[in-house]
Each structure stands twice: as structure tokens, then as C-alpha cells.
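The values are calculated or read from the model by the stated rules, or taken from the named source; none is laboratory data. Please read these numbers as outputs of a predicted model, since none were measured by experiment. So basically every Cβ, Gly included, is an ideal-geometry build from the backbone, and we count neighbours across all protein chains shown. Accessible surface is based on the protein model in full, side chains and every heavy atom, while ligands, DNA and RNA are left aside. Shrake-Rupley method; radii C 1.70, N 1.55, O 1.52, S 1.80 Å.
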Amino acid sequence: MKPELSIVIPIYNEQAGLAALFARLYPALDALRLTYEIIFVNDGSRDNSVSILAEQFRLRPDVTRVVLFNGNYGQHMAILAGFEASRGDIMITLDADLQNPPEEIKHLVAKMREGYDYVGSIRRKRQDSAWRTVASKMMNRIREKITNIKITDQGNMLRAYGRNVIDLVNQCAEVNTFVPALAYTFARKPTEIVVEHEERSAGESKYSLYSLIRLNFDLVTGFSLIPLQMFSMLGMALSGGSAILVLFLLVRRFVLGAEAEGVFTLFAIAFFFMGVILFGIGLLGEYVGRIFQQVRARPRYVVQTVLQQDGSGQHELDTDLPEKRRVTR
């Protein structure tokens, strides 16, 4: 039967916290009194996560499905794989670290039933370090100004999506994307609610400072050309300013004569211009890099195995690549 609700959970080296996740997730969903499925997507874990997921599948094969990647492709690729495997009318993404309590799922479902097709979440009291909180809020403001995508708390994975949004997301073939922002652009009636936030139950965050910076670069360059346009305008302004400076120095030279004291000022101006030029080359490289990755047309991820139950109630080990679209762009 087609479930009413699909839960997609990316897994990467989460063996320490999976037992606690199972103990809270399944009772929270059973209490909703609706049909559901849970899709765990293992993103190339190097610990014992796969064995734990396989055991949980054997315990609850009626509502559990496990998608296993052949390597590590990133959290958002895992979510996209879960979207393609899902069958529910309402889709909810959830991290495995229990920072978003599974008990909050009922609030997102209730909001979706009010007629919304995208429900984001805002953490009531973030249990992250101070630098992560400040950096996240700062990048949120910059991203909203540049992309016009209004996501208050972009680092929170607890979100709900309607089937109409998921079907459109599944049609996209972008190599690098930010799933919540992509879904937001397709939503007809988006909204946000406040949810609780807890400390990580076990393990450690998979996002380093570099990863967060890269994510925001992908987000900005993937949804807007404004950075390039701003740099073009900056280039024109600097060109005009440098032309005025050259004229001023020429007039000064003919009127007052050459002065050696101004050489360090010229060095400072030259270094500033070189810094701007290097930044512009890097920004242009971000866009060129996205084009390069897209035109190679390589698979976004490769599914090695899918653990699921067939229609007769028997456990099925999916190894049919072409039929099940195991290699997906």
C-alpha cells in the first residue's frame, strides 16, 4: 500500500546513536495512527551503521527500507535518493543525531494538513556552539538577500514536503544543490514552524567550518547570478575610480612634480585591486566549476543495494540496477 507519510533519514557513521533513534522514532510514528515508511539512506558509512540498519530492517520490514550507497556522496545526495525511493504523500527529512526530536514530526504533519506544501522548521533554542549559531545566522541573512529564498533556519533538516514538490525535485538533474532551497522554489504555499532542539545524542557533527562555507557557496551560486552581477558593478566602479586616480596623479606630477613618498600608497592601491581581481576569479571559478560538473553528466550517486519488502511480504534484496534505477542522475 502507498503510505501517507515517508520519513527520509541520511546516515553517515551514526552507529553510536542509531539505537536511541529507533527507540524514539518508531513509537512517535506509530502514535500518529497513519501509514508510514522510513527510508534510511546509508551514505557510505565506514562504521557498523550498515549492520545496524540491516538488523532494524529485519525487525520492522513492513515500514523500513534501507538504501545503501556504494560510497560517500554527501547528505543532500542521500536525501535526493530517499526522495526517489519514497512513495508517501507527505515527505519529512530528519537527521539521525536526534537534535530534532522525532516527537516533533506530528506538528509538521498537522501543518501540512492545513494546506501547505512546504513546512520548514526553526529551532526554538539551538544547542549548537556559539560560533556555529552566529555563522549560520550571518549566512542566512546573506543568502536571503542574494537568492530571495526565505528560509529562517537553513541548517535545520527537519522539514516537510508535499508530493507535488517532491515530484518536481525528482525531475531536477543538478549535481550540486541545497534540497530545502530547491524545494522552496517549487512550493506554492510554504510556511515555517518552531520546533524543539536537543543536544546531539551521540557522535559528532559531520559539518566542519569548511563544509559549511562550501555549502553556502553552492547555495548562493546555485540559485542566483547576483554575485556575478555585483562583481561586475564593483569592477566598473573600481575602473572609474582608478581612472580618476590616474588623472589626479598625472595632474599632480605636472603641477608639483614627482614625489617618492606616494609610492607606498600606490602599492596599497595595487594590492587592493589585485585582491579584488583574485576574488573575482574565484567567484567566476565557482560558476565555471558548476558548469564543468554538470556537463560531465556523471551519476550523482550510485545505489549499491536496497533492502525492502516485496508485495508478498517477503524480504527482497534489490540488486537489479536497470529496473530499479540504481544509477541515478
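Quick look at the numbers
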{"item": "Number of positions in segment 1-57 that are closer than 15 Å to ASP95 by Cβ, more than 24 Å from the chain's Cα centre (by Cα) and of a type in the set (D, E, K, R)", "result": "1"}
{"item": "Where a residue in segment 59-81 is under 11 Å from TYR301 (Cα atoms) and touching a residue at least 40 places away in the same chain (Cβ under 8 Å) and its partner, wherever it lies, is in a loop (DSSP other than H, G, I, E, B) and not β-branched (Val, Ile, Thr), with Cβ under 6 Å and at least six apart", "result": "PHE69/ASP43; PHE69/GLY44; GLY71/GLY44; ASN72/ASP43; ASN72/GLY44; MET77/ARG300; ALA78/ASP43"}
{"item": "Residue count for segment 4-42, restricted to those that are open to solvent by 10 Å² or more (accessible area, probe 1.4 Å) and either free of Cβ contacts under 8 Å to residues at least 24 places away in the same chain or not in a helix (DSSP H, G or I) (or both)", "result": "16"}
{"item": "In segment 114-150, residue surrounded by the most Cβ atoms within 10 Å (Cβ to Cβ) [restricted to those that are modelled with pLDDT under 80 and assigned to a loop (DSSP other than H, G, I, E, B)]", "result": "ILE149"}
{"item": "One residue from PHE272, PHE231 being open to solvent by less than 60 Å² (accessible area, probe 1.4 Å) and at pLDDT 70 or above", "result": "PHE231"}
